[in-house]
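Q: Here it is, the structure, as structure tokens.
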Amino acid sequence: MCSCEGSPGQIWHKNRKLKCLNLTTLNKHGKVYEDDQFGCMVWSHSETHLLYVAEKKRPKTESYFQGPETGLLADEEETIKTDKKEETVLGQQFEYYEDWGEALVRKSSPVLCVLDIEGSNITVLEGIPTNISPGQAFWSPNDTGLVFVGWWHEPFRLGLKYCANRRSSLFYVDLASGKCEQLSSNSSAVCSPRLSPDLCRIVYLECGVFGPHLQCSRLCMFDWYTKQTSVVVDVVQRAKEDGFTGICSSMLSPRCWSADSQRVLISCPQRCRKDLLVVDTSTGEVTSLTSQSEEGSWSLLNIHRDLMVVSCSSPNCPPDLRVGFLPAKGSESKMSWVTLEETQPQADISWQTLNFSPPPEEDNRQYPGLDFNAILLKPTEVTTGGKLPLIVMPHGGPHSVLVSEWYLSTAVLCKMGFSILLVNYRGSLGFGQDNIYSLPGNIGTQDVKDVQFAVDSVLKQGGFDEQKIAVVGGSHGGFLACHLIGQYPEFYKACVTRNPVTNLATMVGCTDIPDWCMVEAGYEYNTDIRLEPANLEQMLNKSPIKHVSKVKTPVLLMLGEDDKRVPSKQGIEYYRALKALQVPVRLLWYPGNNHSLSKVDAESDGFMNAALWIIQHLSL
Ligand SMILES: CC(=O)N[C@@H](C)C(=O)N[C@@H](C)C(=O)O
């Protein structure tokens, strides 16, 4: 089955098209959701019905001043499509509908929809509490009802993208009675419920509400028949003796169960490597299927009857596809993979992982003894006596991580002759919960100093041209790039930033995640918070704009017109400050692009301009 806006959904049996339905013109709901936050398209166990998520149908609206002619035309059109005249409400066509923020614009009130394939009939589910937005749904055992994640949307919606910390719970709605039951805790955030092949248990991820936007999760299991919930793997504060750092993943693979419904597979970062882990649900024991393999990162794409399909890549080797059978419990070390299509390691790129302990004066008093790491890529061949230019790249988030996998842009920059340092400062995912908690309240200092410490340590290795260092970063990575050029004004010779956070105090009122600004500035957040001047002062003091008067580095800003996360005014505020200071600055403006600047024309243009900006200002 596939479905696109305004185009037919098709149902196929082997090589035969059985049916073609246009879900939206049946006029039971709005646009069908295709995102991975709410969206789903799931067969019932009987294969007679399909479950999906769509935007709730809105009333047809008309202006108070609608001319009789236009009104008549519009009505006639609708009558042809729906075969019945719809009621129209007056004066509501400018009504504001909240949405779920960045990358989920116009997604406001999702509804669960069931298509009866034989009868081509759509039912929009009733019985779901009106203060809940449902998504990630699937059929319960025996098709008696639907299980779904419900996100609370009162008193208002906050951005969901990259924010697994939104209050949400697992629910069951019974199809016959319409009764809705809450299956998980009332005060956590959950995602990725996955039903076992024997239809007896559901595993899902759970973490705290508000606080860091992504955190270490608990793996929980709900027994369908006993109605008992257990914590299979708990949050890990610090790395365990065997090196396990916890589950820092915002999504489980759509299929993740072993055939005997005893074990669950999870790919998630362990320090800067994405490993494939097997969890025994009866003991909570976690075993890595990949930690003994060559370096690189692994992603689970699918598992069916214990046959796994994975992809594996490293910073100098593009992803390949591998298959392998999950070994019996206790024999995980015997895992063997068959590569379906080999990819060629790029001989001209070498890379290594570097571990750092911050100097004693930078140790975090509340969370002492934490470390961090970085990945260094270098061109293999360096001309004799030649010294390498260095591009420093801290990630965004800030609770995110750069793992040892293939990144096209860094590989290309390395092939152009640059060495690249990807820094996982304290606060990154994959190092345990304490590492994450150490950063809120300390942004603009701890993260900035960690990055600079990593750069200084790398320079001590020798072989780098200290006059040719650039810094590149997006979002919170852009926040760090702007901080670094402000706090180390002689050091960086070029700076490129994508949608950077430049001033938390001006961002808090207009971003889709005001809680992020509060939490990262060191405050607790709740929805009825009233900002005091002292809060805004602290936010300003932690922001790059505070250091702008010291900046000398030429800056290239790349901004997305439709960014809801870090609105483009953040970049413009910094641009104006640099212009006033007569620091060289150029602004690239990408209409129709959001926070990620990932439309093909924006991404390709951004890469070319970034590379040329660095070449120009490093005098290469
Ligand atoms: C939670 C979040 O979106 N934070 C932003 C400020 C950010 O840094 N985003 C990262 C993930 C990005 O690269 O866009």
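The values are calculated or read from the model by the stated rules, or taken from the named source; none is laboratory data. Keep in mind the model is a prediction, meaning the values are calculated, not measured. Backbone-built Cβ (ideal geometry, glycine too); neighbour counts: all protein chains shown. When the accessible area is computed, the model is the full protein with side chains, heavy atoms only, and any ligands, DNA or RNA have been set aside. Shrake-Rupley method; radii C 1.70, N 1.55, O 1.52, S 1.80 Å.
Q: Put a dot 7 Å past each Cα toward the Cβ at GLU381 and ALA259; how far apart are the dots in nm?
A: Rounded to a tenth, the inter-label distance reads 5.0 nm.
Q: Right, next: Which of GLY560, GLN93, TYR525 sits farthest toward the positive end of the charge dipole of the chain, with +1 on the Cβ of Lys and Arg and -1 on the Cβ of Asp and Glu?
A: Of the candidates, GLY560 comes out farthest on the positive side.
Q: Report the gain in length on full extension from TYR96 to LYS329: 0.36 nm times residue separation, minus Cα-Cα distance, nm rounded to one decimal.
A: Numbers: separation 233, 0.36 × 233 = 83.88 nm, distance 5.42 nm.
Net length gain for the segment: 78.5 nm.
Q: Helix 68-82: angle to the longest alpha-carbon principal axis of the chain, degrees 0 to 90, nearest 10?
A: Once rounded, one gets 80 degrees.
Q: Multiplying the sequence separation of GLU47 and GLU34 by 0.36 nm and subtracting their Cα-Cα distance, what value in nm do you get?
A: Working: separation 13, 0.36 × 13 = 4.68 nm, distance 2.06 nm.
Contour length minus the Cα-Cα distance gives 2.6 nm.
Q: Not counting ligands, DNA or RNA, and with a 1.4 Å probe, what is CYS248's accessible surface area in Å² rounded to the nearest 10?
A: 10
Q: Could I ask something else about it? For region 415-506, what % of the accessible area comes from carbon and sulfur atoms, probe 1.4 Å? Intermediate results must be reported in sequence, preceding the final value.
A: Details: 1050 of 2090 Å².
Solvent-exposed carbon and sulfur of region 415-506 make up 50 percent of the total.
Q: With a/c under 1.5 counting as rounded, go ahead and sort region 561-612 into rounded, prolate or oblate using the C-alpha gyration tensor (a ≥ b ≥ c being the square roots of the eigenvalues; past the cut-off, prolate if a/b is larger than b/c, else oblate).
A: It comes out oblate by the Cα gyration axes.
Q: What accessible surface, in Å², does a 1.4 Å probe find on ASP434, ignoring ligands, DNA and RNA and rounding to the nearest 10?
A: Result for ASP434: roughly 20 Å² accessible.
Q: Keeping the other protein chains in place, figure out the carbon and sulfur percent of the accessible area of region 164-300, with a 1.4 Å probe.
A: Working: 2590 of 5250 Å².
Taking all protein chains in place, region 164-300 shows 49 percent carbon and sulfur surface.
Q: If you don't mind, there's one more thing I want to ask. Going through region 210-290, which chymotrypsin sites (Phe, Trp or Tyr not before Pro) have at most 15 other Cβ atoms within 10 Å and a DSSP loop state?
A: Numbers: sites: PHE210, PHE222, TRP224, TYR225, PHE244, TRP257; in loops: PHE210, TRP224, TYR225, PHE244.
Filter output for region 210-290: TYR225.
Q: Give, rounded to the nearest 20 debye, the magnitude of the charge dipole that the chain has about its Cα centre when Lys and Arg contribute +1 at Cβ and Asp and Glu contribute -1 at Cβ. Walk me through the numbers on the way to the answer.
A: On the way: 57 positive and 71 negative charges, 160 e Å.
The dipole of the chain has a size of about 760 debye.
Q: Just to confirm the filter: which GluC sites (Glu not before Pro) across region 269-372 are DSSP coil and have at most 10 other Cβ within 10 angstrom of their Cβ? Write out the running numbers ahead of the final one.
A: Working: sites: GLU285, GLU294, GLU295, GLU332, GLU341, GLU342, GLU361, GLU362; in loops: GLU285, GLU294, GLU295, GLU342.
Taking region 269-372 and a limit of 10 other Cβ atoms within 10 Å, the loop GluC sites (Glu not before Pro) found are GLU294, GLU342.
Q: Still on this structure: Run through the DSSP bridge list for the chain and note the antiparallel percent, rounded to the nearest 5.
A: Within the chain, antiparallel bridges account for around 80 percent of the total.
Q: Would you work out if region 304-441 is rounded, prolate or oblate? Take a ≥ b ≥ c from the square roots of the eigenvalues of the alpha-carbon gyration tensor; rounded if a/c is under 1.5, else prolate when a/b is larger than b/c, oblate otherwise.
A: Details: a/c = 2.51, a/b = 1.15, b/c = 2.18.
Oblate, because a/c is 1.5 or more while a/b does not exceed b/c.
Q: Moving to a separate point now. Suppose all protein chains stay in the model; what accessible area per residue would a 1.4 Å probe give for region 279-319, in Å²?
A: Details: 1770 Å² over 41 residues.
Here the per-residue accessible area is 43 Å².
Q: Averaged across orientations, what area in nm² does the convex hull of the alpha carbons in the chain project? Write down the numbers at each step before the final one.
A: Details: hull surface 125.5 nm².
Mean projected area of the Cα convex hull: 31.4 nm².
Q: Angle, helix 600-617 long axis vs. longest principal axis of the chain, Cα atoms, 0 to 90°, nearest 10?
A: So the inclination is approximately 10 degrees.
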